[in-house]
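Reviewing the structure listed below.
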Amino acid sequence: MTKAIVKVLPAMVLCSAGIAVSVTAAEAAIRCQDNYQIVQGNLISTPYCEDNYLATVARGYGTRVAARDIRNSPNRKREICQLVGRDIRVSEICAPYLNGSNRGRH
């Protein structure tokens, strides 16, 4: 019984490590140019790249924010948009979050 556990344990560790590496590799495979994702040489607007770009622009204004914070928290995205959303570079991304706009609200 103990020998079986000893044989299975390293396999479990390797599998879990493989899962962590594959998630990281998938995220690393996403390439952005400003707020567009590069897919087979074409630029496609995606929420992932828009959030990255919004964070980059916000950091240019001196705000300390990570793209994952914007992706994971709609309220954080709203706060950032209220700060920098009038900047022409992110005005389209932030349109649903700015005063006077009903876009994106249910």
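The values are calculated or read from the model by the stated rules, or taken from the named source; none is laboratory data. None of the values given here were measured: they were computed from a predicted structure. Note: areas computed on protein heavy atoms with side chains; ligands, DNA, RNA excluded. Shrake-Rupley method; radii C 1.70, N 1.55, O 1.52, S 1.80 Å.
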Query raised in the report: In a solvent-free Debye calculation with one equal scatterer on each Cα, what is log10 I(q)/I(0) for region 31-106 at q = 0.17, 0.18, 0.26 Å⁻¹, listed in the order of the q values?
Result: -0.60, -0.67, -1.24
Query raised in the report: In what sequence, largest accessible area first, do ASP87, ASP69 appear using a 1.4 Å probe?
Result: ASP69, ASP87
Query - Residue-by-residue Karplus 3J(HN,Hα) for region 41-54, coefficients 6.51, -1.76, 1.60, Hz, glycine and proline x - result: x, 9, 9, 10, 6, 9, x, 4, 6, 4, 5, 4, 5, 4
